[in-house]
1. Being in a loop (DSSP other than H, G, I, E, B) and open to solvent by 10 Å² or more (accessible area, probe 1.4 Å) is the filter; apply it to region 172-199 and report the residue that is nearest to GLY236 (Cα to Cα).
2. Just checking, does region 117-138 include any residue being within 15 Å of GLY58 (Cα to Cα) and more than 14 Å from the ligand (Cβ to nearest atom)?
3. Give region 55-111 a look and list any residue that's open to solvent by 30 Å² or more (accessible area, probe 1.4 Å), among the hydrophobic types (A, V, I, L, M, F, W, C) and away from the ligand (no atom under 15 Å from the Cβ), or say none.
4. When region 32-53 is examined, which residues are found to be away from the ligand (no atom under 13 Å from the Cβ) and outside any helix (DSSP H, G or I)?
5. (1) in a strand (DSSP E or B); (2) surrounded by fewer than 17 Cβ atoms within 10 Å (Cβ to Cβ): which one isn't true of ALA275, the others all being true?
6. Looking at region 13-31, is at least one residue touching a strand residue (DSSP E or B) at 6+ places or on another chain (Cβ under 6 Å), more than 10 Å from the ligand (Cβ to nearest atom) and either of a type in the set (Asp, Glu) or at pLDDT 95 or above (or both)?
7. Just a yes or no: is a residue in region 210-227 in contact with an Asp or Glu (Cβ under 9 Å, 6 or more places away or on another chain) and assigned to a loop (DSSP other than H, G, I, E, B)?
8. Before we move on, is ALA187 in contact with a helix residue (DSSP H, G or I) (Cβ under 6 Å, 6 or more places away or on another chain), under 27 Å from ASP134 (Cβ atoms) and modelled with pLDDT of 95 or more?
Amino acid sequence: MTDHNHHHDGGNAHGNHHGDGLAEMLDLDAKILGAYLDGVTQWAAELRPSPAAIVDVGAGSGAGTLALAGRFPGAGVIALDKSPDMLARTLEAARSLGMAGRVRTLEADLDADWPALGGADLIWASSSLHELADPEQALRAMFSALAPGGLLLVIEMDGLPQFLPDGFHGGLESRLHTALAGLGWNAHPDWQPALERAGFAAVERRAFPSKARPTPELASRFARTFLGRIGPALEGAAAPEDLAALAGLLADHSAGSMLDGGTLEIRGNRTAWAAFRP
Ligand SMILES: C[S@@+](CC[C@H](N)C(=O)[O-])C[C@H]1O[C@@H](n2cnc3c(N)ncnc32)[C@H](O)[C@@H]1O
């Protein structure tokens, strides 16, 4: 997909607007599909051991910031986001883990201006690059913000998280995802050519598949939070019978119902790109 620039206002893997459950969504995602946090930070440690200065671009509620601070106990991590609410959550979570001394937050709208970040050893951009108005410019800014030898990790979801069995309602979830893709949700290309155009070298790409069967309570919360956000977004953009099936699913709280019965397998694969500033 190459027209991601047209969609930056359209949405992301988790929904469109802050203040309507996005932070809870991100926390549930990290808790349930967060195996990538371990995998990608491990990969980062192999490629760039002991970074001192780390920046998490589009930190959200702090999943990456906390994983990085945990993986690299000698590092300071700057969590950068345009949302003060997200940053407050990140700081609160860092505090509760005893990491607040090493985590700093920085509020900035990267579509307006890039703050001076110079000399970072590691930059992490997870599910955020595709949200920026001009990702190519953002990659150039990240290149400048890295010290020579510094490492950038870009992470994206391969698709939207999946909750329903494949054949459910003849493929309801995949039709909903196709409709959401039409609205620009999670639209991102293979970042490799853009990374190389920005000057990055030794670009490598790895897949981080994730499947989880969390407790019924957690599974149900994640499914209901995510699926509850897509119905309103798809009004007029998905078949009415599919929206009705989704509404029916959300309304059914009976014992053993699809969303409360404890049988959900949640899938959410990610891809990460690693790239060096030479
Ligand atoms: C989908 S969330 C991902 C959060 C986190 N990195 C994660 O993986 O859980 C994207 C984040 O990017 C932030 N963001 C989007 N556009 C931005 C911009 N122009 N400047 C700064 N942050 C931005 C949003 O506020 C949001 O917190």
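The values are calculated or read from the model by the stated rules, or taken from the named source; none is laboratory data. These numbers come from a predicted model, not from an experiment. Cβ atoms come from the backbone with ideal geometry, glycine included; neighbour counts cover every protein chain shown. Side chains included, ligands, DNA and RNA excluded: accessible areas come from the protein's heavy atoms. Shrake-Rupley method; radii C 1.70, N 1.55, O 1.52, S 1.80 Å.
1. Going through region 172-199, the residues in a loop (DSSP other than H, G, I, E, B) turn out to be 183-191, 198-199.
From the residues that got through so far, the ones that are open to solvent by 10 Å² or more (accessible area, probe 1.4 Å) too are 183, 185-186, 188-190, 198-199.
On the way: LEU183: 11, TRP185: 16, ASN186: 19, HIS188: 24, PRO189: 26, ASP190: 30, ALA198: 39, GLY199: 42 Å.
Looking at residues that are in a loop (DSSP other than H, G, I, E, B) and open to solvent by 10 Å² or more (accessible area, probe 1.4 Å), I get LEU183.
2. Yes: one or more hits.
3. LEU97, MET99, ALA100
4. Taking region 32-53 and keeping what is away from the ligand (no atom under 13 Å from the Cβ), we get 35, 38-39, 42-53.
ARG48, PRO49, SER50, PRO51, ALA52, ALA53, listed by residue number.
5. (2)
6. Applying the first criterion (touching a strand residue (DSSP E or B) at 6+ places or on another chain (Cβ under 6 Å)) to region 13-31 yields 13, 22.
Of the ones still in play, those that are also more than 10 Å from the ligand (Cβ to nearest atom) are none.
Checked against the condition, which is being touching a strand residue (DSSP E or B) at 6+ places or on another chain (Cβ under 6 Å), more than 10 Å from the ligand (Cβ to nearest atom) and either of a type in the set (Asp, Glu) or at pLDDT 95 or above (or both), region 13-31 yields no hits at all.
7. Looking for residues that are in contact with an Asp or Glu (Cβ under 9 Å, 6 or more places away or on another chain) and assigned to a loop (DSSP other than H, G, I, E, B), one finds at least one in region 210-227, hence yes.
8. Values: in contact with a helix residue (DSSP H, G or I) (Cβ under 6 Å, 6 or more places away or on another chain): yes; under 27 Å from ASP134 (Cβ atoms): yes; modelled with pLDDT of 95 or more: no.
So ALA187 fails the test.
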